[in-house]
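Let me begin by presenting the structure, written as structure tokens, before commenting on it.
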Amino acid sequence: MKLALAQINPTIGDFLGNVRKIAELSLVSDRQGADMVVFPEMAVCGYPPADLLEKTSFLARAEEALAEIAVAVTAQHPIAIVCGCPTPAPANSGKRVMNSAVVLRDGRVEFVQSKMLLPYYDVFDEQRYFAPAPSQVLYELDGERIAITICEDAWNDKNFWPQRLYPVDPVENLMHQGATLIVNLSASPYYRDKRAMRRAMLAAIARRHHVPVAMVNQVGGNDSLIFDGSSLVLDAEGRSIAQAGSFQEDLIFVDLPSASAGACRPDEEEDVAVFEGLVLGTRDYVRKCGFSKAIVGLSGGIDSALVAVIATEALGAENVLGVGMPSEYSSPGSIEDARQLARNLGIQWELIPIRDIFQDHLRALRPILKDRPADITEENLQSRIRGTLLMALSNKLGALVLTTGNKSEMSTGYCTLYGDMVGALAVIGDVYKTCVYRLAQYANRGREIIPESTLTKPPSAELRPGQQDTDSLPPYDVLDPILEAYVERYETAEEIVQSSILPLDIALVRNILRMVERSEYKRQQAAPILKVTQKSFGVGRRFPIAVKVQV
């Protein structure tokens with residue numbers, strides 16, 4: 001059997017566009033002699049559809065889309081199409097739909113396999129919408145007895161995971177029926193090191209059951225989630241037979257069972273993968289929201305420089321506007337760095353000094369605030385003036401503002417509501433400051449784009465004379481490991497001190513943890529954050545705002 005894996009980038013709810021992609025790649029696969037082409041989980045409607053699944057019209061359109069694909073392709077061509085789609089749930093299940101893999105052949109729906117394991121952790125909430133399959137059966141084609149599984153169904157191997165989340169293993173159950181091939185339709189979001197772990201897990205399944213494993217994964221950005229693709233086929237020994245690219249649409253073919261293991265395409269180094277993922281996530285967020293242009297406030301600092309680089313790679317230089325908004329505290333060097341960055345990128349550059357606007361605000365407030373000493377209020381006011389100007393440009397020019405705060409700042413609250421947090425997308429909100437520097441170095445891999453002075457000067461918000469980030473925070477090489485341990489692994493202050501490779505003061509650690517807890521109200525008002533770590537801020541990390549927590 002010749003198998004094709006079609007790694008596509010669907011848009012949620014774009015049935016017309018998604019159906020067109022599925023039909024076109026199915027016809028290409030048929031012309032290449034494929035007997036079966038497999039598309040990702042929920043490829044017909046895009047994943048995750050969330051509460052769109054509660055709409056009768058949405059479900060009806062999904063059903064119509066399946067019929068359109070079947071008639072347009074399989075009524076005239078012998079290829080079997082396997083694609084993910086919501087299907088009606090049994091009347092007594094308490095749910096309206098199931099997450100299903102549908103086989104289209106001979107102009108009709110020939111076979112339906114529904115997902116048994118419904119994840120409910122991190123960004124997943126499938127038990128809210130779907131009824132689980134009570135059982136699964138094999139699908140037979142050209143002598144192959146195929147175990148069709150959907151994403152999480154393959155993530156419960158008792159020999160791979162030290163602790164399983166579910167009492168059943170769908171793959172094991174299907175293998176007891178005599179499967180000769182495992183096919184997995186996935187919408188598996190990316191985070192750092194996810195690709196290697198996913199491949200190792202699938203290889204363990206192949207070796208355990210002594211059958212080939214084919215996994216096709218969605219690619220593209222949908223809101224905060226980035227899907228890396230990286231679809232692959234493994235032989236019965238867990239060795240790579242074929243592998244699709246990461247962060248791009250792809251179509252790969254493999255002849256079973258005659259295919260022999262080839263060289264496994266190496267994954268990009270993880271910082272490179274994060275960069276490519278952020279480019280893809282930014283491009284898809286802007287374009288799938290119906291926009292083509294972006295605005296970045298350029299301070300001359302490294303964070304805004306990196307966001308501008310990502311935006312330019314994602315959208316093209318002609319679609320990015322960089323805006324410098326210096327105050328009386330902005331250094332001449334920072335203004336020049338921002339201007340040089342824009343020149344290096346070839347993006348439009350505009351300068352809007354805010355000194356006079358800031359003084360006008362202070363004069364307006366003076367009758368009420370009188371002679372109260374300056375404090376963080378005046379610092380935040382400058383940031384909020386900048387946010388207002390950026391949003392005015394966004395309205396007038398029809399371009400999305402990209403925020404420039406990193407995960408270290410989002411964690412500790414070192415950011416200003418309605419100021420530097422203003423915007424449509426937090427591009428690097430899941431990137432720690434130490435990683436920002438590494439990504440900036442990667443951005444300069446071919447030539448100097450981000451000025452060297454931006455990379456080497458001490459980080460500063462430049463909201464008061466002589467200000468540096470270390471006035472409020474520890475050095476980032478000290479801060480970031482603490483944040484990662486607390487935000488992503490939920491370690492206590494004592495555990496962080498004990499496991500740290502650096503000598504840490506418990507009082508310092510507790511103070512940082514308090515900063516994280518006090519800033520929850522800011523994070524819940526932030527723009528969507530592109531997820532590139534195992535635990536990002538947003539839908540996958542849910543904490544109350546009004547709470548008293550001991551750290």
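For segment 443-460, taking the residues that are closer than 19 Å to Asp271 by Cβ and among the small types (Gly, Ala, Ser), the one that is surrounded by the most Cβ atoms within 10 Å (Cβ to Cβ) is identified as Ala443. Whenever a residue of segment 516-541 is free of Cβ contacts under 8 Å to residues at least 40 places away in the same chain, its partners that are surrounded by 20 or more Cβ atoms within 10 Å (Cβ to Cβ), lying with C-beta atoms within less than 9 angstrom and at least six residues away or across chains, give the pairs Gln524/Phe537. The single residue among Glu268, Glu237, Glu172 that is charged (D, E, K, R), assigned to a loop (DSSP other than H, G, I, E, B) and within 30 Å of Cys45 (Cβ to Cβ) turns out to be Glu268.
Would you mind stating whether Leu439 is assigned to a helix (DSSP H, G or I) and either closer than 22 Å to Arg355 by Cβ or not assigned by TED's automatic domain parsing to the domain that holds Gly322 (or both)? Criteria not met by Leu439.
Determine, yes or no, whether Phe253 is surrounded by fewer than 21 Cβ atoms within 10 Å (Cβ to Cβ), among the aromatic types (Phe, Trp, Tyr) and in a strand (DSSP E or B). Answer is yes for this residue. Among the residues here, Val38 qualifies as out of contact with any helix residue (DSSP H, G or I) (no Cβ under 9 Å at 6 or more places or on another chain), closer than 27 Å to Gly221 by Cβ and buried (at least 21 other Cβ atoms within 10 Å of the Cβ). Filtered by the rule that a residue be within 17 Å of the chain's Cα centre (by Cα) and either without any contact (Cβ under 8 Å) to a residue 12 or more places away in the chain or within 14 Å of Ser299 (Cβ to Cβ) (or both), segment 391-427 gives Leu402, Thr403, Thr404, Gly405, Asn406. Residue count for segment 338-379 under the criterion of being over 19 Å from Arg464 (Cα atoms), of a type outside the set (A, V, I, L, M) and under 34 Å from the mean Cα position of the chain (by Cα): the result is 8. Considering only residues in segment 256-271 that are out of contact with any helix residue (DSSP H, G or I) (no Cβ under 8 Å at 6 or more places or on another chain) and modelled with pLDDT of 75 or more, the one that is surrounded by the fewest Cβ atoms within 10 Å (Cβ to Cβ) turns out to be Ser258.
Quick one: would you say Phe247 is closer than 19 Å to Tyr190 by Cα, touching a Gly at 6+ places or on another chain (Cβ under 7 Å) and at pLDDT 95 or above? So Phe247 passes the test.
Take Ile506 and decide whether it is more than 28 Å from the chain's Cα centre (by Cα) and either of a type outside the set (Lys, Arg) or at positive phi (or both). Criteria met by Ile506. Of the helices (runs of 4 or more DSSP H) lying entirely inside segment 446-527, those containing at least 2 residues that are in the same structural domain as Arg386 (by TED's automatic domain parsing) and in contact with a Gly (Cβ under 8 Å, 6 or more places away or on another chain) span 452-456. For Leu53, indicate whether it is assigned to a helix (DSSP H, G or I) and in contact with a Phe, Trp or Tyr (Cβ under 8 Å, 6 or more places away or on another chain). Judged against the criteria, Leu53 is a match.
Any idea which residue in segment 400-419 is surrounded by the most Cβ atoms within 10 Å (Cβ to Cβ), counting only those that are out of contact with any strand residue (DSSP E or B) (no Cβ under 7 Å at 6 or more places or on another chain) and in a loop (DSSP other than H, G, I, E, B)? That would be Asn406.
The rows are residues; the columns are (1) farther than 29 Å from Gln248 by Cβ; (2) assigned to a helix (DSSP H, G or I).
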| residue | (1), (2) |
| --- | --- |
| Phe124 | no, no |
| Val137 | yes, no |
| Arg145 | yes, no |
| Asn159 | yes, no |
| Ala203 | no, yes |
| Arg208 | yes, yes |
| Val216 | no, no |
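In this structure, Ile8 does not satisfy being at pLDDT 95 or above and over 19 Å from Ser231 (Cα atoms).
The values are calculated or read from the model by the stated rules, or taken from the named source; none is laboratory data. Predicted, not measured: the structure shown is a model, and the values here were computed from it. Note that each Cβ is placed from the backbone with ideal geometry, even for glycine, and that neighbours are counted across all protein chains shown.
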